[in-house]
Amino acid sequence: MEIDMQTPDPLMGLAFGIPTSAGDEVGQENGHRWDPMDCDEPPLPARTALRMDCDFSYLPDHDEDAHFCHARAGVVGVADGVGGCRGDGVDAAEFSRGLMANAYNAVTAAAGSSSGVCPYTLLEMAYQKTVASTRTPAASTALVLSLADQALRWAYVGDSAFAVFRRGRLLLRALPQQHYFNCPFQLSAVGGDRVKDAAVGEFPVEEGDVVVAGTDGLFDNVFDAALEGIVQRCTALSLTPGKMAQAVGRLAYDMARSSRESPFSAASREQQGTNFTGGKMDDITVIFAFIVS
């Protein structure tokens, strides 16, 4: 499993003049809510064979995020250990790391399969294996994305999310699952939400689409409009997925330490009535996946 502990590169800040205020945010109408879909249904008919070219950036704070990228199988995953579990003798990263390690191992074992990976089935299997191997009270959000022929498929629990861009424009945005402000749905070995609560679905993708996945360290600090802007500018510069992930990770890192308006501070005011402004210090995991032929 690939784990990267990168120091932000000032060159990847890419100031770009990207909007960062709440007034510049892409509205919620650009997001989508989905009804559960049966992962046993056959994938969409293939026209041109597509694959993922993916890479990541990880900027730890408490180092409780976990992730994997398996380009050959067309599967990526991210998980965020819930910081509220942090306490005496509790490793808040134990469940997130277990989920991603078990998912990655299963994908690797099945990488030769031509039928594609069902994210829901993979998440359920990873969850069961993690529960069987630990009784930690730690908890985690989780997201699994897979490419099956022409379809991007997903299953996620909590506020680790993803977005799809086509020709530089935001096309699809996963909406977080939350019980209330800053309390996402979460998986655990000792109660709470379950994989059956996952948001699942699929969406037709095309060659040239860009998929961005990440933990809330990304999406709590970067407005959709800013993410769209940096995707457009990075694409114009023909940057690799890894360089794009570094650029977005650096933007989230800087926003987390700033006093500027952020998605987190905007939501805090709207849902809690606070006067808080600024970003949210957190682990930041960013995965970029290019859909290529």
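Scan the stretch 112-138 for residues that are closer than 15 Å to Ala101 by Cα and of a type in the set (A, V, I, L, M, F, W, C) and the total you get is 6.
If I ask for residues that are surrounded by fewer than 24 Cβ atoms within 10 Å (Cβ to Cβ) and not aliphatic (A, V, I, L, M), which ones from the stretch 205-218 would you list? Within the stretch 205-218, Glu206, Glu207, Gly208, Asp209 meet the criteria.
Looking at Asp35, Asp63, Asp55, Asp40, can you tell me which residue is acidic (Asp, Glu), in contact with a Gly (Cβ under 6 Å, 6 or more places away or on another chain) and either part of a loop (DSSP other than H, G, I, E, B) or modelled with pLDDT of 95 or more (or both)? Give the steps one after another, and end with the answer.
Numbers: Asp35 fails: in contact with a Gly (Cβ under 6 Å, 6 or more places away or on another chain); Asp63 fails: in contact with a Gly (Cβ under 6 Å, 6 or more places away or on another chain); Asp40 fails: in contact with a Gly (Cβ under 6 Å, 6 or more places away or on another chain).
Only one candidate qualifies: Asp55.
Exactly one residue out of Gly214, Gly201, Gly208, Gly168 is of a type outside the set (A, V, I, L, M, F, W, C), under 16 Å from the mean Cα position of the chain (by Cα), over 21 Å from Tyr58 (Cβ atoms) and modelled with pLDDT of 95 or more, and it is Gly201. If you go through the stretch 89-138 and pick out every residue that is free of Cβ contacts under 8 Å to residues at least 24 places away in the same chain, more than 17 Å from Tyr156 (Cα to Cα) and in contact with a helix residue (DSSP H, G or I) (Cβ under 7 Å, 6 or more places away or on another chain), you end up with 1.
From the list Thr285, Thr277, exactly one residue is outside any strand (DSSP E or B), touching a residue at least 12 places away in the same chain (Cβ under 8 Å) and not basic (Lys, Arg). Which is it? Don't jump to the end; show me each part of the working.
Working: Thr285 fails: outside any strand (DSSP E or B).
Going through Thr285, Thr277 in turn, the sole match is Thr277.
Scanning for something in a helix (DSSP H, G or I), at pLDDT 95 or above and of a type in the set (Phe, Trp, Tyr), does the stretch 66-76 turn up at least one residue? Within the stretch 66-76, not a single residue is in a helix (DSSP H, G or I), at pLDDT 95 or above and of a type in the set (Phe, Trp, Tyr). Would you confirm whether or not the stretch 257-271 contains a residue that is free of Cβ contacts under 8 Å to residues at least 12 places away in the same chain and either within 22 Å of Gly168 (Cβ to Cβ) or over 19 Å from the mean Cα position of the chain (by Cα) (or both)? Yes, the conditions are met somewhere in the stretch 257-271.
The values are calculated or read from the model by the stated rules, or taken from the named source; none is laboratory data. For clarity, every value in this text was computed on a predicted model and none was experimentally measured. Note: ideal-geometry Cβ built from the backbone for every residue, glycine included; neighbour counts use all protein chains shown.
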